[in-house]
1. Any idea how many residues of region A:130-148 are touching a Pro at 6+ places or on another chain (Cβ under 6 Å) and within 12 Å of A:Asp507 (Cβ to Cβ)?
2. Which members of region A:394-433 meet the condition of being modelled with pLDDT of 90 or more, among the hydrophobic types (A, V, I, L, M, F, W, C) and open to solvent by less than 50 Å² (accessible area, probe 1.4 Å)?
3. Determine if region A:777-793 includes at least one residue that is open to solvent by less than 10 Å² (accessible area, probe 1.4 Å), among the polar types (S, T, N, Q) and away from RNA strand B (no atom under 16 Å from the Cβ).
4. Looking at region A:495-506, which of the residues that are in a loop (DSSP other than H, G, I, E, B) and within 12 Å of RNA strand B (Cβ to nearest atom) is most open to solvent (accessible area, probe 1.4 Å)?
5. Among residues belonging to region A:640-661 that are more than 23 Å from A:Ala575 (Cα to Cα) and either in a helix (DSSP H, G or I) or of a type in the set (A, V, I, L, M) (or both), point out the one that is least open to solvent (accessible area, probe 1.4 Å).
6. From the list A:Glu894, A:Glu839, A:Glu916, which one is more than 25 Å from A:Tyr737 (Cα to Cα), more than 14 Å from RNA strand B (Cβ to nearest atom) and modelled with pLDDT of 80 or more?
7. So, A:Lys754, is that one open to solvent by 10 Å² or more (accessible area, probe 1.4 Å) and out of contact with any helix residue (DSSP H, G or I) (no Cβ under 9 Å at 6 or more places or on another chain) or not?
8. For region A:108-127, does any single residue satisfy the condition of being in contact (Cβ under 8 Å) with a residue 12 or more places away in the chain, surrounded by fewer than 21 Cβ atoms within 10 Å (Cβ to Cβ) and in contact with a His (Cβ under 6 Å, 6 or more places away or on another chain)?
Amino acid sequence: MDFKSMEEKWQKYWAEQKVFEPEIDKNKQAFYIQAAYPYPIIAKYNMLKGKNVLMPMGWHVSGTPVIAAVEALQRGDEKTVKMFTERFHIPKEDLKYLTASPESFVEYMINKAKYGYKAGFKKLGLGIDWRRELKTIDEQYQRFIEWQYKKLYAKGYIRKGHYPVRYCPNCRNPVGDHDLSEGEGLGIQEFTLLKFRLQSGEYLVAATLRPETVFGQTNIWIRPDLEYVIIKVGKEEWVASKEFFEKFQHQKPGIEKIGTVKGSELIGKEVLAPGIERKIPVLPASFCDPKTGTGIVTSVPSDAPIDYIALRDLQNDEELMKKYHLDVEKIKAIEPIPIIKTPELGELAAIKVCEELKIKNQREEEKLEEAKKLVYKLGFHKGIMNENCGKYANMPVNKAKELVKKELIEKREATKFYELEGRVVCRCGTEVIVRVLENQWFVAYSDPKWKEEAKKTLGGMRIVPGLFRTQYENVFEWLEDKPCTRSKGLGTKFPWQKELVLEPLADSTIYMAYFTIAHLIKNVPAEKLEEEVFDYIFLNKGNVSKLAKKYGIDEKLLKEMRESFDYWYPLAYNASAIELIPNHMSFSIFQHTAIFPPEKRQLGTLNLGMVVLEGRKMSSSKGNVVLINDLCELLGSDFVRFFLMNFVEPWEEMNWQQREVEKGISRLKRFIEEIFSIAKNVSSGKLKLEKMDCVEKWFWSRINSKIKEYTQAMENIELRRALQAISFQLMKDLAWYNKRKMKTSKELNYYFVKNFALCIAPFMPHIAEELWHKIGNKESVFKAKLPEKLETDAKAEQGEELIMNIVADINQVKKLAKLEKPNKIVLYTASAWKYRLLELLQQKLSEPNVGEAIKIAMSDGKIKSKGNLAANVAKQLASKIIELKGKKEIDEFEVLKEAKPFLEKTFGCEVLIEKEEKTEYDPKGKAKNALPFKPAIYME
RNA sequence: GCAGGGGUACCGAAGUGGCCAAACGGACCAGACUCAAGAUCUGGUGGCUUAGUGCCUUCGGCGGUUCGAAUCCGCCCCCCUGCACCA
């Protein structure tokens, strides 16, 4: 069959008939969904349920990727050029369109590229309303985004503050992971910078991750051989390493170096320690690293293994103490101060761990590192502050940490200092530092009122699959203010600081509302789209006539836009990848909540799994991509669609394996072709149930139960389950029906083909449409409705099951008895009393209890009279009682009699159907083995 | 580290208290068809047994609850995703 021309034919037909260009229809319920696989399936399914379905498509081109690609092409980057010319099949002479400008790049990739995304989506037959297409750099769209941010600003949700970022001093730009050649994934740590005042007024500064341990400070460490710098910070003078000064410049503009001081000059002095207002000595240590923190370290021997060991080393080294003219007795008298208690390590964690690990001196760096991690971890999770910690006594460490930090900063005894978790290097080769951006704009997702309201919205939404709800709830809990502007990239200019651009996650949260009017607003000049205009369209504020006059926009058009938004909203599902739950998906719920009234938000979210290719992550930079266009070309779009859905449910990770798909396709194609051949022999007359034989009733019942299963699965967005029910499972039933049937019913054929076409339509629209018309329909299959009330015939299904089991059992016995070709097969159905016994057991026995079963059997006089056999049967039935639950008696004798010709044909010999108690032919005494639903078998 | 999701036979993957030695698909093996290959069909794929059976071992590990656990509870190990300026 020529599936390819079938695709073209129906795509043309749909376009002509405007099947996927919905107009407002008040008689139909609106169903609005976003377009990305697999929504088209859900969209089409809802059409078949009689809803008016809108599915638009847009292009999110904000941010840096487009710019980066254009720049790479401009400088002729080989890899990038190769990617575009080979992977995306772009002719070399067309590259000039890509390098001309980001806008030209976008235009070309969307509309001109033969293998571009749009072409691919069209090829897949997605059914998108292209009239509503938008790009995030469209002028009108940008006006809409401006409006959005003005609404947020008015509510106080746009705020300004500082923000630490990873920053390349050479490129003069913040850097993300993809900009790095080393240190991907390393984050920013927030250190507390403690200030220790010298008698002379200057401060020695030390960075720590454990501000709560200030209560255990006994001294501070400094490297005698190192030259420190003196820095002017406001009115204060700080002493720290040169490396620190260089880094801190980016976090505190305006500081300057005003001198230097040798570490050894500071040894032996006393400083006033922050948080405890006690004087402690400055002592020498070799482990202070100028590159880490400030090169000065505060010493808490109770909870920092290195401090403890260094202190002990010093106390044992009188010569060293004398060298620096230290008071030996005083130093020796220093003792760790217990401050934190954990069940595992007691009150002096560092000492305990050093002893356990048998750390001898400062040179055992690896062991010290291990000890530090252990103490830190336990202390943080299980530690409780003790009575030496003043008002923080009895507080868990993880809580005290924040409070102590806050207090120290408020008392100006400390400040914040940001440090990278490790060495991070930009692609340009420069080492990355942390810079604090002063004028960073934020969206205040931390706002308690907003959070509350957003949680309410979430509470009323449908999350598919449901198991992700807790994740959303957690995200909502910890979501903090999110920076929303940046200096580089495509996108909308930030209204209050035009040199900044709204970043990509900021302009993609309520665009769904824009789609409802995208086709109408296209020709309205952007400059007319002032705040009030959108206020009217989306919030129904103001007077239309006045607005129309004031801005020179057609009043009818304004009303139409208003009506369109009102009709299509709320959105049925917002859908995106699972990894976007912590940002895009949650932001979208927040922003809908902030801007729109409760009845115009979102009804649900659909969370989709990743697609991996042959077991590896898809990545265009690594060349591990496959274009949907190429796939459709090769396999046919209906088949691509089918297998995209067939592997896993939408939210699970899908591994596209070409070989497996190709194998599966041939089977599927045969099935489809078989259905087409059935479609040649149909009659649309009504089914006459009373005239159908057992097999036909069975097939009819199976079709109905599969449609039921399909419908149920579709409602739960279990697309794979739905698809399998209607394809592979039905395929099996069809095969059995073909084998079993005694005559052909055109009506039943019609019933089968019609329902198959309907159910498969969301998945394989072209094939469905072809089938639909083949059996005589004149309108699009998408104008039809799925059947709703479906009956099944339990007796027919049980009867056929009996035949299937008998066939399997006969084969089994044949094999075991080593009878290649039996001459005669005799089947004996069970006596009435056995059914009677089964009924009793079904009523009285809830678990497979043999003793109880025999008791029940013997309580009935008639059954009891059968003696040993009765006990035996009771035993066998009891062990299968759960399996037999709910099975009702059928007339096995009649069923088998009807199937007799079939059985004789199948096994190529005479088949006798006998009743256990009436049989005259039972040479081996097999008849007594008969059980309900399990006739006895004898063969020779 | 924190949060969320997982670990099932050779592989992918169903299965949430007894119909489970575990659906379905792939791979593999045997048989049928064929000159042959491919395609297709039939059967098989934990072990031992057997006229359609029965028993033993198995669902990341270890313990527990239960007459009964892949499924429920506790602890542990491993994998995936996200953790914010990357869309």
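1. Of the residues in region A:130-148, 1 are touching a Pro at 6+ places or on another chain (Cβ under 6 Å) and within 12 Å of A:Asp507 (Cβ to Cβ).
2. If the condition is that a residue be modelled with pLDDT of 90 or more, among the hydrophobic types (A, V, I, L, M, F, W, C) and open to solvent by less than 50 Å² (accessible area, probe 1.4 Å), then A:Val404, A:Leu408, A:Ala414, A:Phe417 are the ones that fit.
3. Looking for residues that are open to solvent by less than 10 Å² (accessible area, probe 1.4 Å), among the polar types (S, T, N, Q) and away from RNA strand B (no atom under 16 Å from the Cβ), one finds at least one in region A:777-793, hence yes.
4. A:Leu505
5. Step one: filter region A:640-661 for residues more than 23 Å from A:Ala575 (Cα to Cα), giving A:657-661.
Retained after the next criterion (residues that are either in a helix (DSSP H, G or I) or of a type in the set (A, V, I, L, M) (or both)): A:658-661.
Numbers: A:Gln658: 41, A:Arg659: 177, A:Glu660: 106, A:Val661: 0 Å².
Restricting to residues being more than 23 Å from A:Ala575 (Cα to Cα) and either in a helix (DSSP H, G or I) or of a type in the set (A, V, I, L, M) (or both), the top hit is A:Val661.
6. Details: A:Glu894 fails: more than 25 Å from A:Tyr737 (Cα to Cα); A:Glu916 fails: more than 14 Å from RNA strand B (Cβ to nearest atom).
Exactly one residue qualifies, and that residue is A:Glu839.
7. no
8. yes
The values are calculated or read from the model by the stated rules, or taken from the named source; none is laboratory data. Keep in mind the model is a prediction, meaning the values are calculated, not measured. Every residue, glycine among them, receives a Cβ derived from its backbone with ideal geometry; neighbour counts consider all protein chains shown. Side chains are part of the model used for accessible areas, which takes the heavy atoms of the whole protein and leaves out ligands, DNA and RNA. Shrake-Rupley method; radii C 1.70, N 1.55, O 1.52, S 1.80 Å.
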